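**Q** What follows is a structure written as structure tokens; I'll ask about it next.
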Amino acid sequence: MSSLTFEGVSLDYGASAPVLDAINLGVRSDEFVAVIGRSGSGKTSLLNLAAGFLTPGKGRVAVDGKPVTKPDADRAVVFQDDALYPWLDARDNIAFPLRLHGVPVAERHQTADRLLLHVGLPGAGDKKIWELSGGMRQRVGIARALASEPKFLLMDEPLGALDALTRERMQSFLLGVWAESGAGVMLVTHSIEEALFLATRIIVLSPNPGRITADIPVSFGRAALDDRSAHSIKKDPAFQALHDRLTDLIHDTRTEHAA
Amino acid sequence: MTLPMETPAPAGAIAKADNSGAKTGLATPTTLISVGTVAVLITGWWMLSFYQVVSPVFLPSPLTVAASLGNLATTGFVDSTLAQHTLASLLRIFAALLASVAIGIPVGLAIASSHVGKGIFDPVVEFLRPLPPLAYLPLIIIWVGIGETSKVVVISLAMLPAIILSTVAGVKSVSRDRINAARSFGATPIQVLRHVTLPSALPSILTGIRIALGAGWSTLVAAELVAATRGLGFMIQAAAQFLVTDVVIGGILAIAVIAFLLETVARLIERRFVPWGSRL
Ligand SMILES: Nc1ncnc2c1ncn2[C@@H]1O[C@H](COP(=O)(O)OP(=O)(O)OP(=O)(O)O)[C@@H](O)[C@H]1O
Ligand SMILES: [Mg+2]
């Protein structure tokens, strides 16, 4: 079991007011943590700290107790705009992290084909990136992130650019990826429903400065993994009740305190 | 496959977007009109010479020019055939292209990725860019002599700004996410440069090379007018001195055709190596 920890982390972008303040958070690699909060509350900043794209002004970010100083293969990032490489076909995009680590071509293609199967795109290996739909691209992006066998998958609005229908299908897909990959997930999303459906734990960030105002365990996604339909889960009164509570929390974060 | 596919943009739409409807080779209305224009121009030219409106010394008929092009190809003019003149010119162009790519891309990378690089090279580029190459040709001849080197140097200098600036633009427009993705898979800075930055900048660099070829070609011809013993520019200059107007016009046509072919080849290379172009 691995862990990703924020210990008293503060961040400012050089301006006087900090963007994140005194963040304490531990994420285990069997967790699916969803981060929600108003626009500008610092969700992306938090994720970028975890990825190592940013370094904290105060405190530290660590994986298994070792401080994070730069991005590395144990924390793979999935972006909203897939960030795939159009000069590579789907297979070589997925094999890209392996190529960086000197894995021979036959071996990395084998891994890529296995991952393509895993993300539901068997036979799409030779496709050019621009021949894929948005949903397919995001699947390739996730397969690519899985290729380096990360301890944590960091995702910033990975489904944000998809239409509603594709998005729902991709939510179930993400659940499957998380359950099978053994990687911990940190997911930033604007959708409370998505957070409730996917996460084992929801973190609410409040803005100015960004602080964690709620940390709520949830378990609706487990039910989906046990073959309950997404629709019946989302209609569940308990689901609705939490949805309302989180909505209130986000819109009135100044008065509420950590749950 | 159950997920809906995104249909690729039709080739026509892309061609129109970058203003080159003719490159698809289809008989679009624009191409037809262009063919008509050329036909009218040649007919007009032919009538001017046929009715002796202009003396043949100044304007030989299209047929005379065609015949002289045939002559140029077989027996040649001023000691070399048309092919030899053309080859001499092309060799200079490609030597210069090689040199300016070898210098321009690293310099562009340096400008785009470091303040020091920008500080060093920016003034040089800004100094060079607005200068007409023929203005510094005499200086180059004083420095390196009148041989091949001076011409290749001048053409390289004429090509450099386009290649440097397009490299800078290409590198600056690389998406942060693409770079960060590679870093999060453990890429070293060198790997990011090699596997992400350069391929991302390639479309822009190739456009720069195409522009550079254009600039280089016109500089080349002009440079050969001044100082050469072989080459299309030299051939025209020599012919003009003897008032062999048909060879002058034939040479001009040859220059135009080669410029057009260079452009076409450059476009083919672009489509072959960056088929995603502006799509992603
Ligand atoms: N590179 C930067 N330089 C300066 N300020 C920044 C930078 N990036 C973010 N900020 C500021 O930090 C705050 C948090 O930004 P962040 O992008 O983390 O928010 P977010 O929760 O991801 O918002 P959204 O939901 O809109 O994506 C904002 O006030 C933003 O203006
Ligand atoms: Mg954000």
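The values are calculated or read from the model by the stated rules, or taken from the named source; none is laboratory data. Source: prediction; values computed, not measured. All Cβ positions, glycine included, derive from the backbone under ideal geometry; neighbour counts span all protein chains shown. When the accessible area is computed, the model is the full protein with side chains, heavy atoms only, and any ligands, DNA or RNA have been set aside. Shrake-Rupley method; radii C 1.70, N 1.55, O 1.52, S 1.80 Å.
**Q** Which numbered condition trips up B:Ser68, out of (1) open to solvent by 50 Å² or more (accessible area, probe 1.4 Å); (2) of a type in the set (S, T, N, Q); (3) within 17 Å of B:Val244 (Cβ to Cβ)?
**A** Unmet for B:Ser68, out of (1) open to solvent by 50 Å² or more (accessible area, probe 1.4 Å); (2) of a type in the set (S, T, N, Q); (3) within 17 Å of B:Val244 (Cβ to Cβ): (1).
**Q** Residue under question is A:Asp163, and the condition is that it be more than 10 Å from chain B (Cβ to nearest Cβ) and acidic (Asp, Glu); does it hold?
**A** Considered against the rule, which asks whether it is more than 10 Å from chain B (Cβ to nearest Cβ) and acidic (Asp, Glu), A:Asp163 comes out as no.
**Q** Quick one: which residue in B:Leu165, B:Leu139 is open to solvent by 60 Å² or more (accessible area, probe 1.4 Å) and at pLDDT 95 or above?
**A** Exactly one residue qualifies, and that residue is B:Leu165.
**Q** Could you identify the single residue in B:Ala223, B:Ala228, B:Ala215 that is in contact (Cβ under 8 Å) with a residue 12 or more places away in the chain, open to solvent by less than 10 Å² (accessible area, probe 1.4 Å) and either within 14 Å of chain A (Cβ to nearest Cβ) or of a type outside the set (Val, Ile, Thr) (or both)?
**A** Sole residue among the options that is in contact (Cβ under 8 Å) with a residue 12 or more places away in the chain, open to solvent by less than 10 Å² (accessible area, probe 1.4 Å) and either within 14 Å of chain A (Cβ to nearest Cβ) or of a type outside the set (Val, Ile, Thr) (or both): B:Ala223.
**Q** Of all residues in segment A:175-190, how many are closer than 21 Å to A:Ile233 by Cβ and either crowded, with 18+ Cβ neighbours inside 10 Å or in contact with an Asp or Glu (Cβ under 9 Å, 6 or more places away or on another chain) (or both)?
**A** 7
**Q** So, one more: Just checking, how many residues over segment B:144-194 are within 14 Å of chain A (Cβ to nearest Cβ) and assigned to a helix (DSSP H, G or I)?
**A** Residues in segment B:144-194 being within 14 Å of chain A (Cβ to nearest Cβ) and assigned to a helix (DSSP H, G or I): 16 in total.
**Q** Inside segment A:187-223, can you point out the residues that are away from ligand 1 (no atom under 16 Å from the Cβ) and either more than 18 Å from the chain's Cα centre (by Cα) or assigned to a strand (DSSP E or B) (or both)?
**A** Once the filter is applied, which keeps residues that are away from ligand 1 (no atom under 16 Å from the Cβ) and either more than 18 Å from the chain's Cα centre (by Cα) or assigned to a strand (DSSP E or B) (or both), segment A:187-223 yields A:Arg201, A:Asp215, A:Ile216, A:Pro217, A:Ala223.
**Q** Related question: For segment A:127-143: of the residues being open to solvent by less than 30 Å² (accessible area, probe 1.4 Å) and outside any helix (DSSP H, G or I), which is farthest from the other protein chains (Cβ to nearest Cβ)?
**A** Checking each candidate, the answer is A:Leu132.
**Q** Output the qualifying pairs, or none if there are none: Cβ atoms under 6 angstrom, residues six or more apart or on different chains, first residue in segment B:139-150 and closer than 21 Å to B:Leu128 by Cβ, second residue among the polar types (S, T, N, Q).
**A** Sorted first by the residue in segment B:139-150, then by its partner, the pairs are B:Ile140/B:Ser150; B:Ile141/B:Ser150; B:Val144/B:Ser150.
**Q** I would also like to ask the following. Does segment A:226-248 include one or more residues that are touching a Lys or Arg at 6+ places or on another chain (Cβ under 7 Å) and either in a strand (DSSP E or B) or of a type in the set (S, T, N, Q) (or both)?
**A** Scanning segment A:226-248, I find no residue that is touching a Lys or Arg at 6+ places or on another chain (Cβ under 7 Å) and either in a strand (DSSP E or B) or of a type in the set (S, T, N, Q) (or both), so the answer is no.
**Q** Ok, one more. Given (1) open to solvent by 70 Å² or more (accessible area, probe 1.4 Å); (2) in contact with a Leu (Cβ under 8 Å, 6 or more places away or on another chain), identify the lone condition not met by B:Glu126.
**A** B:Glu126 satisfies all of (1) open to solvent by 70 Å² or more (accessible area, probe 1.4 Å); (2) in contact with a Leu (Cβ under 8 Å, 6 or more places away or on another chain) except (2).
**Q** Let me ask something else. Mind listing just one residue for me: the one in segment A:72-86 that is within 16 Å of ligand 2 (Cβ to nearest atom) and hydrophobic (A, V, I, L, M, F, W, C) and, of those, surrounded by the most Cβ atoms within 10 Å (Cβ to Cβ)?
**A** A:Val77
**Q** Here's a follow-up. Condition first: away from ligand 2 (no atom under 16 Å from the Cβ) and either touching a His at 6+ places or on another chain (Cβ under 9 Å) or open to solvent by less than 10 Å² (accessible area, probe 1.4 Å) (or both). Now tell me which residues in segment A:151-167 satisfy that.
**A** Result: A:Phe152, A:Leu153.
**Q** Looking at segment A:55-68 only, could you name the residues that are in contact with a Gly (Cβ under 7 Å, 6 or more places away or on another chain) and within 14 Å of chain B (Cβ to nearest Cβ)?
**A** A:Val68 - this is the single residue of segment A:55-68 that is in contact with a Gly (Cβ under 7 Å, 6 or more places away or on another chain) and within 14 Å of chain B (Cβ to nearest Cβ).
**Q** Return the residues of segment A:1-24 that are open to solvent by 10 Å² or more (accessible area, probe 1.4 Å), touching a residue at least 40 places away in the same chain (Cβ under 8 Å) and away from ligand 2 (no atom under 16 Å from the Cβ); say none if nothing qualifies.
**A** Passing the criteria: A:Ser2, A:Ser3, A:Thr5, A:Glu7, A:Gly8, A:Ser10, A:Asp12, A:Ala17, A:Pro18, A:Asp21, A:Ala22, A:Asn24.
For every residue, the table says whether it meets (1) open to solvent by 50 Å² or more (accessible area, probe 1.4 Å); (2) acidic (Asp, Glu); (3) touching a Phe, Trp or Tyr at 6+ places or on another chain (Cβ under 8 Å).
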{"position": "A:Leu47", "(1), (2), (3)": "no, no, no"}
{"position": "A:Ala50", "(1), (2), (3)": "no, no, yes"}
{"position": "A:Gly57", "(1), (2), (3)": "yes, no, no"}
{"position": "A:Lys66", "(1), (2), (3)": "yes, no, no"}
{"position": "A:Lys70", "(1), (2), (3)": "yes, no, no"}
{"position": "A:Arg99", "(1), (2), (3)": "yes, no, no"}
{"position": "A:Thr111", "(1), (2), (3)": "no, no, no"}
{"position": "A:Leu115", "(1), (2), (3)": "no, no, no"}
{"position": "A:Gly125", "(1), (2), (3)": "no, no, no"}
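**Q** Okay, moving on. Count, please, the residues in segment A:22-54 that happen to be within 14 Å of another protein chain (Cβ to nearest Cβ), farther than 20 Å from A:Leu174 by Cα, in contact with a helix residue (DSSP H, G or I) (Cβ under 9 Å, 6 or more places away or on another chain) and within 13 Å of ligand 1 (Cβ to nearest atom).
**A** Residues in segment A:22-54 being within 14 Å of another protein chain (Cβ to nearest Cβ), farther than 20 Å from A:Leu174 by Cα, in contact with a helix residue (DSSP H, G or I) (Cβ under 9 Å, 6 or more places away or on another chain) and within 13 Å of ligand 1 (Cβ to nearest atom): 3 in total.
**Q** Quick check on segment A:29-45: of everything there that is more than 13 Å from ligand 2 (Cβ to nearest atom) and open to solvent by 10 Å² or more (accessible area, probe 1.4 Å), which residue is farthest from A:Val19 (Cα to Cα)?
**A** Among those residues, the one meeting the criterion is A:Asp30.
**Q** Out of A:Ala124, A:Ala50, A:Ala106, report the one residue that is away from ligand 2 (no atom under 16 Å from the Cβ) and modelled with pLDDT of 95 or more.
**A** A:Ala106
**Q** Looking at (1) open to solvent by 10 Å² or more (accessible area, probe 1.4 Å); (2) at pLDDT 95 or above, find the lone condition where B:Leu261 falls short.
**A** Of (1) open to solvent by 10 Å² or more (accessible area, probe 1.4 Å); (2) at pLDDT 95 or above, only one is false for B:Leu261: (2).
**Q** While we're on this one: Any chance segment A:199-210 includes a residue that's within 16 Å of ligand 2 (Cβ to nearest atom), within 14 Å of chain B (Cβ to nearest Cβ) and buried (at least 18 other Cβ atoms within 10 Å of the Cβ)?
**A** no
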